[in-house]
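Have a look at the structure below, then the notes.
The values are calculated or read from the model by the stated rules, or taken from the named source; none is laboratory data. Computed from a predicted model, the values in this text were never measured in an experiment. Don't worry about glycine lacking a Cβ; one is built from the backbone with ideal geometry, like all the others, and counts go over all protein chains shown. Surface accessibility is based on the protein's heavy atoms, side chains included, excluding ligands, DNA and RNA. Shrake-Rupley method; radii C 1.70, N 1.55, O 1.52, S 1.80 Å.
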Amino acid sequence: MINKSFEIKDYTIDGSSINGFWMTLLDKETLTTEIIYNPDKDGTFDAGETKRMIQEITNKCDSFNSLLPGNINCEVIFKDLDDLKYVADESKFEVEYREMDEIRVVYRFHVQYHV
């Protein structure tokens, strides 16, 4: 059962602002947090900023994972990158970094039962 969550401040990333924040308890095993990150300044994330943001987001997922019990996993789904999924401490994935107006992600926390 999920009994730990994080506050909006835990999801913040320097150089960006949060323009949307929704937490949804899908069932007793799965909690999702949808975030929309926008650049602090008017405009877009250039390719370099997009790369940094994606690295910060995946590092944040790894950090969340380290604070949770061993049977709860964190994943991040990048909505604007064809639902590309990063699994904490497991995934290495290839991304073509490009200019983006915003970065929409879903952090997914899921309890795994070991039988």
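Couple of notes before you dig in:
- Solvent-accessible area of Tyr113, all protein chains in place: 130 Å² (probe radius 1.4 Å, heavy atoms, ligands and nucleic acids excluded).
- Surface per residue (accessible, 1.4 Å probe) for the chain, Å²: 60 Å²
- The share of accessible area on the chain that comes from carbon and sulfur is 45 percent, using a 1.4 angstrom probe.
- Helix 47-67 vs. the chain, principal-axis angle (Cα, 0 to 90°, nearest 10): 20 degrees
- Taking Cβ atoms as reference points and 14 Å as the exclusive limit, the residues near Glu56 contribute a net charge of -2, counting Lys and Arg as +1 and Asp and Glu as -1.
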